[in-house]
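Working notes for the structure below.
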Amino acid sequence: MSRMSAFNSPLLLGFDHFEQILDRVSKAGGDGYPPYNIEQTGEHALRISIAVAGFSMDDLSVTTEDNQLIVRGRQVDDGPKRTYLHRGIAARQFQRSFVLAEGIEIIGANMDNGLLHIDLERHVPEPEIRTIEIEGAKKTKTIEVDPQE
């Protein structure tokens with residue numbers, strides 16, 4: 001069974017990439033762990049803050065793959081076995097993905113008070129105006145001469 005695409009119009013040529021991005025976003029909904037905020041910190045600046053209490057910097061990785069920002073967390077249990085009477089602090093591994101638009105650059109990442117902050121900047125390109133020369137076929141008139149005349 002084929003699914004209907006919003007980008008199958010003949011007027012939308014070359015938008016297959018956007019359809020793939022939308023598919024990734026819909027699949028990356030996840031379970032909401034860990035919680036995060038996205039805030040605008042400047043005219044062209046964004047910050048993603050992810051609650052990673054209990055994770056050290058060594059337990060976290062921030063990578064980009066294609067146009068996705070991927071944050072992974074995995075705690076390594078290198079201590080003695082603990083007996084919990086109540087365990088309310090999550091200690092599970094996670095992967096959180098964010099699809100980045102073209103022109104978004106990751107400036108840096110830092111941890112502060114159990115929050116991982118990832119700073120992004122959107123580069124706004126100057127509009128480029130090009131004039132395209134229109135070429136036409138040269139019209140030539142062919143005259144046939146009858147050799148018997």
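Coordinate-derived values only; no laboratory data. Note that the coordinates shown come from a computational prediction; the quantities given were computed from them, not determined experimentally. Reconstructed Cβ throughout: ideal geometry from the backbone, glycine too, with neighbour counts over all protein chains shown.
For this structure, a couple of remarks:
- Sites GLN75 and HIS44, calculated FRET efficiency, Cβ-Cβ separation with R0 30 Å, nearest 0.05: 0.30
- Counted by Cβ distance under 10 Å from GLY103, the other residues give a net charge of -2, where Lys and Arg count +1 and Asp and Glu count -1.
- Modelled FRET efficiency - R0 22 Å, ALA53 with ILE106, Cβ distances, 0.05 increments: 0.45
- Descending by average beta-carbon neighbour count within 10 Å, the peptides 61-70, 37-46, 94-103 line up as 94-103, 61-70, 37-46, the highest first.
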